[in-house]
Amino acid sequence: MQYKSSTLTDIKVMDEAQGIVEAFTNTMGAIDADGDVIMPDAFDNSISYNMPVTVLQGHDSSKIIGKVLEAAPITVGDGEAKLWNKIQFNLETQIGREAFSNVSGGYAKEWSVGFNIPDGGAEFTQYNNSNVRMIKNVDWIEVSSVIRGASPDTQTISAKSEDKAAIPYRDTETTDTEWNGPRTVAAVPNDSNKSTLRRMFAYVDSDTDGEVKSDYKFPHHQWDGGVGAANLRACSAGIAALNGARGGTSIPESDRKGVYNHLRRHLESDDRDAPELLSAAQADEIMTSAEDRRRRRRQYNETIADEKATTDDHDWPDADDEVPLVTDAFVPSTQEQRDQIRAKLDEMRARQIGFRLRNKV
């Protein structure tokens, strides 16, 4: 089998939840480091009959990390073309997750395609004043993530998905200890590198470069001088926020599912059921209801405060003023006092009877 490799000059991952990237994995129509020129239509038959093509790590057939979902030659001018691939990494395996992390983080710098050349598929000829092997047809077998290769000027162009800012789930230890999100985030050093932050959080703002802590949301791992176990209470709280609790979340609708899947898988790894993810409309309704309750509570507290202030403005007797107490002034202790009370009660009854008689007439 023969191999042709390509340098990744640009990486922009847009589908971390599904592990799907778009990449230029080979350059055609240009002389590569091996002195070969692959014609722009050399992969056409393989694209028609060999898909999906296996993705390996370092051309090692025992290290399968994904598959090519789609491919096509893209003309870029001056007789050159690039082999566009839509690649899905297998995030269900440890090696697949690690390979995707290396590509998305810019640690793996090159692609390499592996192919056989069928009979009549190549010939030696003059090309741009050089004697080269012109490869006209290949039997494409695999594409690999490698350290160094032969094909010039290619790149990972994007990774497409609805969950472009959701950070992929990693299988880690879990804990159910008490969780304090603000205190935990404050403990993470501000100069932490991107790799550390991506292991600590479940979301990174896609409009940022992800270099600083403030670019990230949904913390859910313990911190004790380093990233620790995933905290199950934090995962549950994160899903609750996605569903509108605690003021909800401001992340885009397109990112909610990816963050949910990340947190859900931590819970499921501990045999716990995760709440279903509500639609954005349902979450907004819950968030609006919660905000309305908070608004009414604020109004109530403000009213109570105003009434208290008004009450405090009254000219109440000082503590030293002589104020008759019920136990002293209003408990009759002599016959004269009892007679006065009885007379007062008789007078009040007479008034009530007279009031009724007048109303009756």
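Brief remarks follow.
- Answer residue from segment 257-278, given it is assigned to a loop (DSSP other than H, G, I, E, B) and of a type outside the set (D, E, K, R) and is nearest to ALA166 (Cα to Cα) among those: LEU277
- Members of segment 99-139 that are in contact with a Lys or Arg (Cβ under 9 Å, 6 or more places away or on another chain) and free of Cβ contacts under 8 Å to residues at least 12 places away in the same chain: PHE124, THR125
- Scanning segment 117-143 for residues that are among the polar types (S, T, N, Q) and modelled with pLDDT of 90 or more yields one hit, ASN137.
- Any chance SER206 is among the hydroxyl-bearing types (Ser, Thr, Tyr) and without any contact (Cβ under 8 Å) to a residue 24 or more places away in the chain: no
- Among the residues making up segment 187-217, those that are in a loop (DSSP other than H, G, I, E, B), closer than 19 Å to LYS257 by Cβ and touching an Asp or Glu at 6+ places or on another chain (Cβ under 8 Å) are ASP205, SER206.
- Positions within segment 81-116 being at pLDDT 85 or above and among the acidic types (Asp, Glu), in sequence order: GLU92, GLU98
Per-residue answers, yes or no, for (1) surrounded by 19 or more Cβ atoms within 10 Å (Cβ to Cβ); (2) in a loop (DSSP other than H, G, I, E, B); (3) of a type outside the set (S, T, N, Q); (4) assigned by TED's automatic domain parsing to the domain that holds THR27:
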residue: GLU70; (1), (2), (3), (4): no, no, yes, yes
residue: GLN88; (1), (2), (3), (4): yes, no, no, yes
residue: GLU92; (1), (2), (3), (4): no, yes, yes, yes
residue: TYR107; (1), (2), (3), (4): no, yes, yes, yes
residue: PHE115; (1), (2), (3), (4): yes, no, yes, yes
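- Within segment 168-182, the only residue that satisfies the criterion of being outside the structural domain of ARG199 (by TED's automatic domain parsing) and among the aromatic types (Phe, Trp, Tyr) is TYR169.
- Annotation note: of SER254, SER236, SER289, the sole residue that is modelled with pLDDT of 85 or more, in a helix (DSSP H, G or I) and of a type in the set (Gly, Ala, Ser) is SER236.
- For segment 147-157, the criterion of a residue being among the aliphatic types (A, V, I, L, M), modelled with pLDDT of 80 or more, more than 17 Å from ALA99 (Cβ to Cβ) and in contact with a strand residue (DSSP E or B) (Cβ under 8 Å, 6 or more places away or on another chain) is satisfied by no position.
- For segment 207-236, a tally of residues being of a type in the set (A, V, I, L, M) and in contact with a helix residue (DSSP H, G or I) (Cβ under 7 Å, 6 or more places away or on another chain) returns 4.
The values are calculated or read from the model by the stated rules, or taken from the named source; none is laboratory data. Because the structure is predicted, anything quoted here is derived from the model rather than measured. Here the Cβ is made from the backbone with ideal geometry for all residues, glycine too, and neighbour counts use every protein chain on show.
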